[in-house]
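J.: The structure under discussion is supplied below as structure tokens; questions concerning it will follow.
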Amino acid sequence: MSQPTWNDHASATAIRVAALITSSPADYFLNELPEFAIDCFTDIKNFEAYLLDRSIATLPEVILIEVDSTVNAISVIERMKKNPLLKGLIIIMLAKEKNSQLISEARKLKVHDFYSIPFTKEVLVERIQFLVKFKFIKPTIADLGEGIQVTYQLPWAKRAFDIAFSASLLIVASPLLLVTAALVRLESKGPIIYKSKRVGTGYRIFDFYKFRSMRPDADKMLAKLAAEKNQYAVEEAGATQSAFVKLKDDPRVTKVGNFIRNTSIDELPQLFNILMGDMSTVGNRPLPLYEAEMLTGDEWATRFLGPAGLTGLWQVSKRGKADMSERERKKLDNFYAEKHSFWLDMKILVSTVPALFQKEKV
């Protein structure tokens with residue numbers, strides 16, 4: 001086996017990456033990604049021999065595979081997936097141009113990401129760091145956001161508005177909060193406030209609050225129901241998964257829960273998230289960990305470079321409509337991340353009130 005090309009500038013604690021790069025100069029990746037210890041191969045036989053020679057202690061944490069006419073990248077990944085030692089590695093595919101058919105095949109194999117060259121270095125670095133932390137440090141989930149470079153700074157005027165808005169609304173809505181809390185507790189046992197980990201700006205993870213609107217065992221039922229009732233139909237032929245999960249006629253929702261969800265009363269505890277600075281009044285909705293992990297490609301990672309919010313473009317334009325596709329939602333999120341302004345926020349806030357009372361149970 002020939003000696004691979006190493007990134008000698010990386011630290012001893014850097015994330016280990018094994019790359020199969022057959023057409024692009026290896027130096028391109030070494031220079032673009034100095035944060036990682038990259039072991040770069042240009043020959044498929046040497047690449048696979050290297051992986052088979054690894055132990056658990058010496059395995060790379062991330063695999064980069066370039067799509068090339070001389071190499072069947074899908075076949076390489078299929079062979080890796082059949083190996084018990086290799087099948088759990090984080091795999092990212094790189095291509096010179098977008099290929100929807102190849103993306104569909106990659107999704108079937110549960111490839112973590114697909115980037116078209118030239119890629120944005122900052123986005124790829126943050127994505128790899130997030131995937132590694134999510135996969136290998138699950139027991140310390142509260143620390144997942146540490147070390148991720150947040151590239152978005154909330155404008156001071158937006159932050160000032162958030163504090164004034166959330167504090168005022170909490171005072172005005174305090175009677176409604178108390179009544180809702182009592183109804184949730186009377187209908188079923190379990191916590192009044194549902195707390196979950198969400199991914200916001202710059203992949204930062206925080207505790208996200210809502211009034212509990214589901215049965216206490218709702219999380220255990222999600223995997224089965226997501227396969228049967230997910231609103232976001234898969235768009236690419238042959239794909240098996242969707243990044244977002246939204247269930248139609250969710251059987252986990254209680255009677256009180258159905259009412260507070262359709263009137264958006266269940267979202268009121270997020271005013272505390274706004275007050276604490278976890279999110280903003282207007283922005284892209286912070287995503288559950290399983291959704292953030294499923295988002296693929298730098299085309300969609302843009303949504304994490306803008307503020308996370310209580311309400312946003314997709315809530316006022318498409319929320320509650322059964323014909324909303326995953327691609328439409330992603331486009332709305334990216335548009336807001338790139339174009340948000342004070343006046344756009346005001347328009348979204350004004351439009352939020354009629355959007356609170358959704359007609360369809362989604």
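The values are calculated or read from the model by the stated rules, or taken from the named source; none is laboratory data. The structure displayed is predicted, hence computed values, not measured ones. Every residue, glycine among them, receives a Cβ derived from its backbone with ideal geometry; neighbour counts consider all protein chains shown.
J.: Condition test on E328, is it modelled with pLDDT under 75, on the phi < 0 side of the Ramachandran plot and assigned by TED's automatic domain parsing to the domain that holds A160?
T.: yes
J.: Looking only at residues that are in contact with a helix residue (DSSP H, G or I) (Cβ under 9 Å, 6 or more places away or on another chain) and more than 25 Å from K133 (Cα to Cα) in segment 49-71, which one is surrounded by the most Cβ atoms within 10 Å (Cβ to Cβ)?
T.: Checked segment 49-71; the qualifying residue surrounded by the most Cβ atoms within 10 Å (Cβ to Cβ) is V67.
J.: Right, here's the next one. Among the residues of segment 21-30, is there at least one that is buried (at least 20 other Cβ atoms within 10 Å of the Cβ), under 27 Å from the mean Cα position of the chain (by Cα) and modelled with pLDDT under 80?
T.: yes
J.: Scan segment 151-207 for residues that are within 23 Å of F304 (Cβ to Cβ), exposed (fewer than 12 other Cβ atoms within 10 Å of the Cβ) and touching a residue at least 24 places away in the same chain (Cβ under 8 Å) and jot them down.
T.: A157
J.: Looking at I65 and the list (1) at pLDDT 80 or above; (2) more than 11 Å from L20 (Cβ to Cβ), which single condition is not satisfied?
T.: Only one criterion is unmet by I65, namely (2).
J.: Would you check which residues across segment 74-87 are within 22 Å of R107 (Cβ to Cβ) and in contact (Cβ under 8 Å) with a residue 24 or more places away in the chain and list them?
T.: I74, V76, I77, E78, R79, M80, K81, N83, L86, listed by residue number.
J.: Next question. Here are the criteria: (1) modelled with pLDDT of 65 or more; (2) farther than 24 Å from R204 by Cβ; (3) touching a strand residue (DSSP E or B) at 6+ places or on another chain (Cβ under 7 Å). Tell me which single one L247 does not satisfy.
T.: In the conditions (1) modelled with pLDDT of 65 or more; (2) farther than 24 Å from R204 by Cβ; (3) touching a strand residue (DSSP E or B) at 6+ places or on another chain (Cβ under 7 Å), L247 misses (1) alone.
Here's the yes/no breakdown for (1) in contact with a Pro (Cβ under 8 Å, 6 or more places away or on another chain); (2) assigned to a helix (DSSP H, G or I); (3) at pLDDT below 85:
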residue	(1), (2), (3)
L154	yes, no, yes
F165	no, yes, no
L170	no, yes, no
Y194	no, no, no
K197	yes, no, no
G202	no, yes, yes
D207	no, no, no
L222	no, yes, yes
S242	no, no, yes
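J.: Inside segment 247-260, can you point out the residues that are buried (at least 17 other Cβ atoms within 10 Å of the Cβ) and closer than 16 Å to L177 by Cβ?
T.: Result: V256, G257, I260.
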